[in-house]
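What follows is calculated from the coordinates using simple rules that are stated; it is not laboratory data. Note that the coordinates shown come from a computational prediction; the quantities given were computed from them, not determined experimentally. As a convention, Cβ positions derive from the backbone with ideal geometry for all residues, glycine included, and neighbour counts pool all protein chains shown.
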Amino acid sequence: MKEIIGWKHIKFYIKMNLPTPIAVTELAQIISAEIIGDPNLFATGINEIHHVRPGDITFVDVKKYFDKALNSNATIIILNEVVDCPEGKVLLLCDDPFMAYNDIVKTYRPFRPLTVNISPEAQIASSTIIEPNVVIGPNVTIGEDCYIQANAVITGHVVIGNKVTIESGVVIGTDAFYYKRTEVGHIKWRAAGSVIIEDNVDIGSTSTINIGVSSDTIIGEGTKLDSQIQVGHDTVIGKRCIVAAQSAIAGNVIIEDDVVLYGQVGVVQNITIGAKATVLAKALVTKSIEGGKTYFGAPANEYREVYKELAALRKLPALLRKLRS
């Protein structure tokens, strides 16, 4: 393993960039696609539609989402139907855009199985404590004064800051539970992102954190995760959050700073929880909720309203008896 030099000056946020800009003509050869538009453009990154930036490749294979993709920030769009190409973009026409997207990811982020407990490519500060049976993959960076307990697994493409505690049985960088339904079954969406754990984060035993599919899964500075927490792909948890045991957070969620999730809270995908919100135990958050308030129930609502509804419900049997009489 390599020791970090000057860790405090390393910039955290790794975007899903290609190793070097790739010519559209080269991409077209990889996926056997027809070029529509400017063939002289270059791709600098690859992202799904939620996270695209100028220079990115994305794909669309459902007609009702064509406009969203064509009007997005993406420069290269893989699709399966001839349409007019917007100015400044290029379209790559092929039969199966999803598989083409996956093929590009495989080309530039090939599968690399672990062959040793700690990859020689991992960069780990000398002040960090690593107990026996820890597994650390390639393209991992771990900062100063961290404590990695026995039997933790940190797969590739993970950045961990300073003074982070990772307890036994934690797995960071697990594959995203993200599949494309096809006629031949469910096909895994290839992950091309990373995981970033900022300074002073604690992660309780047997918790799992999925790698980003095309961007970063991020756990913000000072956040504390209890045991048996699930964090989905591309989810961003802000600073100083508290997440109690057995909570499950789906993919592509934004949890802003100073949020508290009590035990066994569920959070569905693609929503935002506002700063300083508190979600009480066993609640299910099914839509974006404002910060600075307390929520309860399934689906979660402001707790005072839910308690009023529960109190009214308890009176219902007596009310029915009165109506019958």
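Data table
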{"read-out": "Orientation-averaged projected area, Cα convex hull of the chain (nm²)", "value": "21.2"}
{"read-out": "Distance histogram in 10 Å bins (all Cα pairs of segment 238-279, percent per bin)", "value": "34, 64, 2"}
{"read-out": "Two-decimal log10 I(q)/I(0) for segment 17-108, as the Debye equation yields it once each C-alpha is a single scatterer, q = 0.10, 0.18, 0.21, 0.25 Å⁻¹", "value": "-0.19, -0.66, -0.94, -1.46"}
{"read-out": "Charge dipole (debye, nearest 20) of segment 123-303; +1 at Cβ of Lys and Arg, -1 at Cβ of Asp and Glu", "value": "560"}
{"read-out": "Extension gain, THR206 back to HIS186 (0.36 nm per residue minus Cα-Cα distance, nm)", "value": "4.5 nm"}
{"read-out": "Relative compactness, segment 123-303, computed as alpha-carbon Rg over 2.2 N^0.38 Å", "value": "1.01"}
{"read-out": "ARG304 paired with SER168, simple spin-label distance in nm, labels 7 Å along Cα-to-beta-carbon", "value": "4.6"}
